[in-house]
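Worksheet: the structure to be examined is printed underneath.
Bear in mind these aren't lab numbers, they're just calculated from the coordinates by the rules spelled out. Since this is a predicted model, take the numbers as computed values, not measurements. Every residue, glycine as well, gets a Cβ built from its backbone with ideal geometry; the counts of neighbours run over all protein chains shown.
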Amino acid sequence: MHRTQVKAVLVTGMVAVAGLTLGVLSAGPANAAGTRTTTGSCTDGGGVVWHTKVVWGGTYVVDGRRKVSVDYAGWTSTLGTVATDSTVRSISGAGRLVQTLTRTAAVNYDSGVTYASRNPANPPSGSARIVITLGRDGDGFGSCSVTHAEAVTADPVVGAVGDMVCAPGFVVTPTTCQHQAVSSSILAARPAAFLPLGDNQYGEGTLAQYQGAYAPSFGRLKSITSPVPGNHEYNTAGAAGYYQYFGTAAGLAAKGYYSQDIGAWHVISLNSERDIAATGAQVAWLKRDLAAHRNACTVAVFHQPRFSSGEHGSNAAMKPFVDALVAARAELVLSGHDHGYERFAAQDGAGRATTAGVVQVVSGMGGRSLYSFPKVAPNSRSRYDAGFGWLRLTLHAGSVDLRYVGVGTNTFTDTSTIGCH
């Protein structure tokens, strides 16, 4: 399995063919009473990342046999239009194959907006499984599979931090280039997913720098990584090194934004370095994505913070992102850029405290260096600038537990629980 995540879903306007449906997603059924969602990802032999999702319903009895309802099984990628080989197998708890659905069809995934789905047979309950196998038709590479189990799993733990890796040839000091220690701490926590918050690789984010310094440190988490770019990535034209290193996990290179589900949460990764105007294509996409994926809980990730007490300070150019998120009743924003840790109270895009707003957390202590707090911004609730660490998120169905994890001799901690709107 590559990553425990997937683009969010509901299929509308579909045409059924022998138990198969293809359609454009508009809203997820995972909020319906009694349903449970499992997500997962895998990488095929050609390096393409596929994100999968199964929505399970309750159990029911037919002909004396208790069955578990499967609303649908689906998948997406960031490939644009591609002929996709797909197979969905329903397997009973006893290991008996109940049904196999196989088809090759051209699908326009459009960076996660379009989603392909099947309605598999409902297998008998008792550790039933849905196995989804995916690949690109005719590319000569092997496919990959994700297994979804009926059994309830623990709520996913996610690591998030930015401003991380010094350029190759770095010298480690107590206050610089501590990326190996930070990445080792996250690795030891065995998270389900890792969210780099930008400026992942200094100083220009070239492919050689990523391979020489990021790969041996945070690259150990690459199989579960969903990145966003920072300003240092764009010190290389078009952030070419960043997109080459992360491949399809970073979304389309011309855009750099995409969305997915991690557990019950919808996670939106945005590009704070390009196309950020309120009237631009990225904000228009963000609004469509928020309308299409109505999960109870939503977090957005982008490098430059709307609010910060750090040396870079608050960035008003990020207001269109926050305005759209607040309008859609999102809960949380994660950023880096300032090399410190800071948690804000819920506020709107203009910085007004409101319970209907989003909580911004700046987690920029990934190893590169440390910044101070020249002036405390309004609504700042917790700050730390004297040591490295990372943000641990435990994603529940209706809330998230936040915990700052210090590294080395850093004993500072900060905890908070945010309920979903």
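General observations
- Region 150-220 and region 75-113: distance between their alpha carbon centers, rounded to Å: 32
- Region 345-421 shape via C-alpha gyration tensor axes, a/c threshold 1.5: oblate
- Cα-Cα over 31 Å, subset of Lys53/Lys287; Lys222/Lys255; Lys255/Lys375: Lys255/Lys375
- Global form of region 133-207, assessed from the alpha-carbon gyration tensor, a/c cut-off 1.5: oblate
- Region 150-194: C-alpha gyration tensor shape, a/c 1.5 cut-off, then a/b vs b/c: prolate
- For the chain, modelled as a GNM whose springs connect Cα atoms under 10 angstrom apart, the maximal fluctuation among Tyr202, Tyr242, Tyr60 occurs at Tyr60.
- Potential lengthening of the chain between Ser69 and Ser399 amounts to 116.2 nm, from the contour at 0.36 nm per residue minus the alpha-carbon distance.
- Each Lys and Arg adds +1 at its Cβ and each Asp and Glu adds -1 at its Cβ; summed about the Cα centre, the chain shows a dipole of about 920 debye.
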